[in-house]
Every structure is written in C-alpha cells, then in structure tokens.
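These notes concern the structure reproduced below.
The values are calculated or read from the model by the stated rules, or taken from the named source; none is laboratory data. All of these numbers come straight from a predicted model, not from anything done at the bench. Ideal geometry is used to build each Cβ from the backbone, glycine not excepted, and the neighbour counts take in all protein chains shown.
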Amino acid sequence: MPRHTALPPEYAVRPFSVRQAKARGFSKRRLDGADLTAPHRGVRTRHATVQTVQDQVAAYLPRLLAEQFFSHTTAARLWGLPLPRAFTPAEPLHVATPDRVNRARTAGVVAHRLTPPTHRVVRVGRVRVGDAVSTWLQLASILSVEQLVAVGDALVLDPVHPDREAPAPRPYANPEELRRRVRAFRGPGKRRLVDALELVRLGVESPKETELRLLIIRSGMPEPAVNVPVPVQRLSYVPRVDLVYAEWKVLVEYDGQQHRTDPARFAHDNARAAALRESGHVLITVLKGGLAGASARAETAERVRRALLAAGWRPTGNCREEPALRPKGIRRPQEGAGGRDQEFATAAPQEGGGGRDRLSAGGRPIESGGLPTHSEGAPPRV
C-alpha cells in the first residue's frame, strides 16, 4: 500500500483550501488521496463526517471570502439561539455577502446579500458571523412571531448561572438595542419583528417558557410575571417559578422532565412542588405533551383559566386576546416529522447545572432601565 505524503499539522486538525495546499507543493494526486474528503469544492479535510454546526462551518471556512459571513439559521446555531428544529448535517449553510461582492455559489449553501449598517459582523474565534441582534433581524424572514419572541427572550437573558458554552458574554443585547435595531431595520419581516418586540421579556430561561407564556396571554388571560422568587417558609432557599400570578397565588411551570433520570434532582423537585402547594399556591405543571397540538394546548390554557377563576380572577375588557402570533404568510408547520410539535433546539442549555432555585431579579419586562418594575401581577407592556 503506497504511503501518503505527510500533511502539515494544521491540515490534520481542520479543513484546508486545495489552492493553498497546491501552493505549498502538494500534488493533485495527494489531495485526491483516500485519507481526505471534499466537503465542498476546493476544500479537503481529514474528518469524514459532519456532526455539529461547528463542523459544518469549519468545513466551509477555506472557501469563505474576506467580506462574507455566516447568517440566518447558521448564525443562530453558532450563537446558541433557539430554533424550531434540531440541527442535522443536511441543513444548508447560510452565507451572506455585502453588495458588489460575488455571492457564494456552491452546493449546500444558501447565499444572501446583506449590507451594513442594518447587519453587523463580528468575529467569534476564526469565524465571521452576523452579530446576535443582526441574526434575529435576519430570522424575521423565516420565523413566526412566536418563534421570534423566543429568540428575542434569549438575546436579552442574563443567566442566573454562567453560560460557559456561549460564544460571547450574556446577555447578547439589552432592550434598548433591540428597539433601536428594529426601528432601523428595512428588511423582510419588519412587521413580525415589531410584533415580537412587544412580547419579549427579561428573565425567560427557555423557549418553552416563551411558548407557554404566549399561549396563556393569547388565550385571553392576564400576563404572568416571569421567573420571580416565591418565598416559602418550609424551604431553605427561595425558589423561582416560571410564570407567577402573585395576586391569585397561581403558579405555572413547564417541566421538560430532563431530571427524571436523576433521583436526587427528582426528589428535590417533588419536595419543592409540595412546599409551594402547602404554602397556599396552586401549582400547574405543564409537560411537553401539554404544548403538542391544538387540543392539548387548549386544555393547558383551560387548566390555567380554571385555576385563575377559582382564585378570584375575573375577565375584564383590559384582558384581551393578543393579535395573531402567526400572521398571514407564515404557515404553521404540519404536526409530525419536522412539524410544530418538535421541541425548540438550542446549542447550549439556558440553565446551569446548579438548578433553577436561586434568588434572582425575576421576570422583567423590556424596559431600558433593566430593573424590576413590579412585585406581583403582570409585567407592563413595552
């Protein structure tokens, strides 16, 4: 068996350009060797498979022109922002180019023309990518209002526990920056961004919390406070709860059941729930199935409505249903494979390993001051 000419160390660990390799004296025969694969035309790599979006981006970097950058869903995955579907290696890359620069033209790449100042570019490691807010603006052309709210909530989240997997310090933006950038934006989906901005809140720790909150308010109920502390005498800590109606002592939480395989965490969660209920609160726990499909969502909303009515809440003219969150032109995906019932996917968990029961500033509405403006009831609108 013939031995291959040894490659430089840097070629062994990441994809490289065929043009650069030829300039260094490597022959076409060597670059077509069985130990190398071609993820894109003019690129070679020692790694045969793409398993993550980072692998996918690295495989394209040798082709990326100096003015080009990653955008849309590719940028969202690099930032760890929530998207409706999990990453698959078959997913196309989104590459943006300023005006007057040749667009990317190769299989597996969706090319865009995006110009400053609306779209800003930053460098994360070796990768040129649209900044996190620019990415949100780009997603307005393909996501629904509800999905844009989930991304907006993630942009302004200041995690209780450090997000060690984030490519930059959190939060990625503050509320005033979101408002400025949406005002200046002139691209597709502007109306959806304006609608989403009104519903973005500080302190939201997962896209499912966003989905549950929006389901409640668009079903005609008052808006709950987000992730505020609920003091309980029996506990040695102050638990935070996803959605809180302090006036009526009604609590609503989404439980993705991630901790069911951890006996200690499962016991902790059960003790926490028991303490909240024994302190006089009604605790409604919504599982994944409670947001899957129209009938399940309607039943979830009705559970919250019944609890509020039993606690003394009465509907008023001020508590009206939200405008449609999926405006004309945005189709609701079909249930089933790749449909609406899939979990949002994030590149990094929104919660740290220490759990959720630490005192925090709580659910805060989008306001430039950044401080809590209420102690109970619904946060004011923007």
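Annotations for the structure displayed:
- Condition met for Arg277 (touching a strand residue (DSSP E or B) at 6+ places or on another chain (Cβ under 6 Å) and either assigned to a helix (DSSP H, G or I) or not assigned by TED's automatic domain parsing to the domain that holds Ala311 (or both)): yes
- Arg180 meets the conditions (1) out of contact with any Pro (no Cβ under 8 Å at 6 or more places or on another chain); (2) touching a residue at least 12 places away in the same chain (Cβ under 8 Å) in every case but one. The failed one is (2).
- When the test is whether a residue is assigned to a helix (DSSP H, G or I) and under 25 Å from the mean Cα position of the chain (by Cα), Arg297 passes it.
- Residue match in region 145-152 (condition: more than 28 Å from Arg63 (Cβ to Cβ), in contact with a strand residue (DSSP E or B) (Cβ under 7 Å, 6 or more places away or on another chain) and of a type in the set (D, E, K, R)): no
- Filtered residue count, region 109-134, keeping only those that are touching a Ser or Thr at 6+ places or on another chain (Cβ under 7 Å) and within 16 Å of Leu178 (Cα to Cα): 3
- Filtered residues of region 134-153 (kept if more than 12 Å from the chain's Cα centre (by Cα) and assigned to a helix (DSSP H, G or I)): Ser134, Leu137, Gln138, Val145
- Search result, residues across region 105-122 that are touching a residue at least 60 places away in the same chain (Cβ under 8 Å) and farther than 15 Å from Leu65 by Cβ: Ala107, Gly108, Pro117, Thr118
- All strands (runs of 3 or more DSSP E) inside region 61-130 with 1 or more residues being β-branched (Val, Ile, Thr) and buried (at least 21 other Cβ atoms within 10 Å of the Cβ): 93-97, 127-130
- Matching option when the condition is modelled with pLDDT under 95 and closer than 28 Å to Ala58 by Cα, among Ala111, Ala132: Ala111
- Taken together, the criteria place Asp158 among residues that are acidic (Asp, Glu) and at pLDDT 95 or above.
- The listed residues are Phe70, Phe16, and the only one of them that is at negative phi and at pLDDT 70 or above turns out to be Phe70.
- Among the candidates Pro224, Pro239, residue that is touching a Phe, Trp or Tyr at 6+ places or on another chain (Cβ under 8 Å), buried (at least 18 other Cβ atoms within 10 Å of the Cβ) and not aliphatic (A, V, I, L, M): Pro224
- Filtered by the rule that a residue be closer than 15 Å to Tyr254 by Cα and surrounded by 17 or more Cβ atoms within 10 Å (Cβ to Cβ), region 285-311 gives Val286, Gly290, Leu291, Ala292, Arg297, Thr300, Ala301, Val304.
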